[in-house]
1. Once amide H atoms are built 1.01 Å from N in the peptide plane, which residues 5 or more positions from VAL274, or in another chain, come under 5 Å H to H?
2. Listing SER243, SER230, SER298, SER380 from the residue with the fewest other Cβ atoms within 10 Å to the one with the most, what is the order?
3. About the Cα centre, and with charges only on the beta carbon of Lys, Arg (+1) and Asp, Glu (-1), how big is the dipole of the range 2-92? Nearest 20 debye, please.
4. Out of residues 5 or more away from ASN30 or on other chains, whose amide H comes under 5 Å of its own, with H placed 1.01 Å from N in the peptide plane?
5. Relative contact order of the chain, please, whole-number percent, based on alpha carbon pairs below 8 angstrom and at least 6 residues apart.
6. Grab the Cα-Cα distance for TRP368 and HIS255, subtract it from 0.36 nm times how many residues apart they are, and report the gain in nm with one decimal.
7. If I take every Cα pair under 8 Å that is 6 or more residues apart in the range 62-207, average their sequence separation and divide by the length, what percent do I get for the relative contact order?
8. Please list 3J(HN,Hα) in residue order for the range 120-126, calculated via the Karplus relation 6.51 cos²θ - 1.76 cosθ + 1.60 where θ = phi - 60°; whole Hz, with x for glycine and proline.
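Laboratory data are not the source of any read-out in this text; all were calculated from the coordinates shown. Computed from a predicted model, the values in this text were never measured in an experiment. Cβ atoms come from the backbone with ideal geometry, glycine included; neighbour counts cover every protein chain shown.
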Amino acid sequence: MSAEIFDVLIVGGGPAGSTLAWTLRDQGLNIAILDKATFPRDKICAGWVTPAVMQELELDLADYQKAHTLQPIFGFRVSQIGKREVETRYSDTPASYSIRRCEFDHYLLERARDTAGAELILGEKFKTMEKVSDYWLVNGTHKARLVIGAGGHFCPVVRAMGAKLGNSETIVAAQEIEFEMTAEQAAASPIEADVPELFFCEDLLGYGWVVRKGNFLNVGLGREDNHKLSEHVAKFRQQLVDSGKIPAETPLKFHGHAYILYPRATRPLLKDGVMIIGDAAGLAYPESGEGIRPAVESAILAAQIISQAEGDYSQTTLQAYQQKLEARLGKRGAKELMDFLPSWLKQSLAGALLTTHWFVRNYVVERWFLHSDQAPLAGSTIPSNTPH
Ligand SMILES: Cc1cc2nc3c(=O)[nH]c(=O)nc-3n(C[C@H](O)[C@H](O)[C@H](O)COP(=O)(O)OP(=O)(O)OC[C@H]3O[C@@H](n4cnc5c(N)ncnc54)[C@H](O)[C@@H]3O)c2cc1C
C-alpha cells in the first residue's frame with residue numbers, strides 16, 4: 001500500500017477523465033488517473049467532434065495534426081436510409097472534425113500527465129473502494145480523498161455506489177467498424193472525407209453513418225432500441241455495399257458498445273467523496289448521441305466545483321455539480337417534444353422533412369448535431385490555487 005494520499009483519483013482515462021485532470025492543472029492538487037487499459041487504446045466511436053469541443057479543450061490543432069489524423073468537416077450528407085440525400089455545406093471554417101479515438105484519447109491523457117502532473121496508473125482494473133477514516137482505499141492500494149467515476153458506460157465506480165447498471169436503463173446500442181482502406185478502395189470510394197454521411201432509420205429510433213478520415217473509413221449504426229441490432233447493422237452494411245458507398249470487402253463483424261442519452265439517465269451523480277462524469281453519468285445529447293462534448297463539459301464543471309471545495313468533498317459541497325450540470329444540459333428526465341408525438345406522425349413528418357434543405361440544415365445539422373445555439377463552455381482555465 002502506498003503512503004501517498006491523492007487528492008483526486010480519477011477512474012477512467014477517456015476524454016472525461018483526462019479533461020478533469022487537465023482542468024485542475026493549476027490547483028496544486030495531487031491527481032492520479034487509473035485505467036484498466038494501457039494507452040494508446042481503441043474506443044468504439046465514430047470520432048466526430050465539434051469545434052466547441054476543440055475550443056473547450058484549448059486544443060492546439062496545428063500541434064495535434066502534426067502526428068495525428070485531424071479531418072476537417074465542411075458539410076454533411078443526410079437522408080433516411082434508401083431515400084433522397086440532402087447535402088449541407090459550409091465554406092469558411094470547418095463545421096466539425098473527425099479524429100481517431102486511439103490517438104485523441106492518448107494525446108489528451110499525456111497532456112493531463114504533462115500539465116497537471118497526473119500520475120497515470122494504467123493497465124489496472126478498478127475493483128474495490130472502501131472508506132478508511134477520511135479517505136477512500138481503492139483496490140486495497142491507492143488512497144484518495146475524492147474518487148471520480150469516469151469509467152464510461154460500465155463505470156465500476158457507479159456500480160460501487162450501488163447503482164444497478166443495465167437493468168432498467170434506456171440505452172443507445174451501437175455497432176461500428178473502423179478500418180484503413182487499401183489504395184484501390186480509397187481511390188474508388190465515393191465518400192468525401194470532409195462530408196460525412198448520415199442515414200436515419202425509417203422508425204427514427206437511430207441512425208447510421210459513414211465517416212471518412214483520410215484513408216480510414218468508419219461505418220456504424222446506433223439505435224435507441226437494441227432489439228435485433230445486429231440484424232439492423234447487417235442490413236445497413238449491405239445497403240451501403242449495394243449502393244457502392246463502402247467497399248464490398250468491408251468487414252462483416254462490427255464492434256458494439258452502449259451509452260445513455262442525457263434525458264433518460266437516472267444514475268447517481270455524486271455522494272460524499274465521489275463524483276461521476278462523462279458517459280458514466282449518461283450524458284450524451286439525445287438527438288445526435290454525441291457524447292464527447294458533454295463528457296468534456298461535465299469534467300470542466302466538476303473541476304470548477306472541486307477547485308471551489310478547497311478540500312471539503314462532502315456531498316453537500318459537491319451538490320453544486322449537479323446544479324451546474326442541469327443548468328447546462330437541462331433537467332434530467334425532462335421530456336422532449338418528440339416524446340409526445342405518436343410514432344406514425346414522427347415517421348411521416350420525418351420522411352417529408354428529411355428531404356428538405358431548410359430542415360436538414362437548420363434542425364438536423366445546426367441544432368441536433370452542431371448545437372450551434374450553445375456557445376462553448378467557458379472556464380476550462382481556473383485561476384491557479386495554492387496547495388491545501
Ligand atoms: C458506436 C459509437 C459511436 C460514437 N460516436 C461518437 C461521435 O462520433 N462523437 C461523439 O461525441 N461521441 C460519440 N460516441 C459517444 C462517445 O464515444 C462517448 O460519449 C465518450 O467516449 C465518453 O467519454 P468518457 O471519457 O466518459 O468515457 P470513455 O471514453 O468510455 O472512457 C472510459 C475509460 O474508462 C476505462 N475503464 C472502464 N472500466 C474500467 C475499470 N473497471 N477499471 C479501470 N478503468 C476502466 C476505459 O478503459 C476507458 O478508457 C459514440 C459512442 C458509440 C458507442
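1. HN-HN under 5 Å from VAL274: VAL147.
2. By the 10 Å Cβ count, ascending, the order reads SER243, SER230, SER380, SER298.
3. 580
4. So ASN30 has HN proximity to ASP7, VAL8.
5. 23
6. Value of the extension gain: 38.2 nm.
7. RCO, the range 62-207: 29 percent.
8. 3J(HN,Hα) across the range 120-126, in whole Hz: 9, 10, 10, x, 10, 7, 6.
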